[in-house]
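Comments concern the structure below.
Values quoted throughout were computed directly from the atomic coordinates according to the rules given, and no laboratory measurement underlies them. None of these values were measured; they are calculated from a predicted model. Using ideal geometry, Cβ is built from the backbone for each residue, glycine included, and neighbour counts are taken over all protein chains shown.
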Ligand code: PEP
Ligand code: MN
């Protein structure tokens, strides 16, 4: 078991109050202009949001896209602090970004998914933040590598940072899924299991990529026991210079937040129910993954069927199937599950595949 982190609890950062959940961080993908920042922040303040986000330097896939306004945007963030009394936060990806944030009184920073995947940058940022007291949130890396995520916490903790939190935003995938990123909730659940002291935020905006998915992803995060949400909000999302299709107006955001069903455990009985609910949410995630994997398998199986037909080869090939069964049975043993159980499941899968190929 890895060493625990001795962290300052979320409630002692002066940003959030738990319960109730979720603790919300909201604001535009990018700071675009003084008016856009101020108008959006005012809209958020009106719905009771106190922690404002905005990207100042944007990590874009292609050069030539809008790459953020840079330091000028930090002055608008200062104005949000001054005029609205909100806490402000942004993404840092280098020592220089940290320096500019500290100079301009940014209250909290986060490491983006591409940065967490790069230990050189994480180390550079951690060292630049040494001797400061601002909270640091770490997004999961773009690839599903839990150790890389944990390594980033270790590097920051190693420089004396005690206000740490995680933001789960899903991972890149080459599979065709409806979301922008694969939610891969298991990775966050595993982080929670190993380091329950790290507060968890979900970022349904970058996970879903489209407004229509934000509610279901936010609800799932609440069911899994996440403390908070980071959601992109823009005064006029359709005109946003980045991530236009996933941002919400402040009024759509409050509608979403009010629709969430969130239960907080107070009594022992409720704690039991809460734990049960979280475990069931994990089972739901795993079941969804099973269905997705079975659907992908069926697709390949159909292709094999077509190939066999084109080449006049018999659909049913018992020797091949015996070999598959042996392989999965021995793999099951390695995972400590009954090989006979796995054989039964695979025989059912096989029957369905043959039926599909015979269509
Ligand atoms: C962001 O939060 O604006 C962002 C770029 O997110 P990510 O690092 O998750 O892609
Ligand atoms: Mn964004």
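Points worth noting:
- Cα gyration tensor shape of region 270-357, rounded if a/c is under 1.5, else prolate or oblate by comparing a/b with b/c: oblate
- Whole-Å distance, taken between Cα centres, linking region 236-266 and region 177-211: 16
- Separation of the residue 103 and residue 273 label points, Cα + 7 Å toward Cβ, nm: 5.4
- Among 305-317, 272-284, the peptide with the highest mean count of other Cβ atoms within 10 Å heads the list, and the full ranking is 272-284, 305-317.
- Residue 178-residue 133 FRET efficiency (beta carbon distance; Förster radius 35 Å; 0.05 resolution): 0.30
- Spin-label model, residue 118 to residue 12: label points 7 Å out along the Cα-to-beta-carbon direction sit 3.4 nm apart.
- Per-residue Cβ neighbour rank within 10 angstrom, fewest leading, 346, 66, 341, 52: 341, 66, 346, 52
- For region 295-319 and region 86-148, distance of Cα centres in Å: 50
- Here the average projected area of the convex hull drawn through the C-alpha atoms of the chain stands at 21.9 nm².
- Extension gain from residue 283 to residue 83, taking 0.36 nm per residue of separation minus the Cα-Cα distance: 67.4 nm
- Helix 214-223 axis, angle to the chain major axis (alpha carbon atoms, nearest 10°): 80
- Relative to the dominant Cα principal axis of the chain, helix 268-310 is inclined by about 50°.
- Pair residue 333, residue 159: separation of 7 Å Cα→Cβ label points (nm): 5.0
- Estimated at 0.36 nm per residue, the fully extended path between residue 316 and residue 293 surpasses their Cα-Cα distance by 6.1 nm.
- With Cα atoms, 0 to 90° folded angle of helix 339-357 axis to the chain main axis: 80
- The length gained on full extension between residue 190 and residue 326, counted as 0.36 nm times the residue separation minus their Cα-Cα distance, comes to 45.9 nm.
- Relative contact order, whole percent, for region 48-182 stands at 18, derived from Cα pairs under 8 Å and 6 or more residues apart.
- Relative contact order [Cα under 8 Å, 6+ residues apart], region 193-256, whole percent: 34
- Relative contact order, percent, region 270-357 [alpha-carbon distance under 8 Å, six or more residues apart]: 30
- Taking each DSSP H run with n ≥ 4 as -39500 (n - 2.57) and averaging over every residue of the chain yields -16000 deg cm²/dmol at 222 nm.
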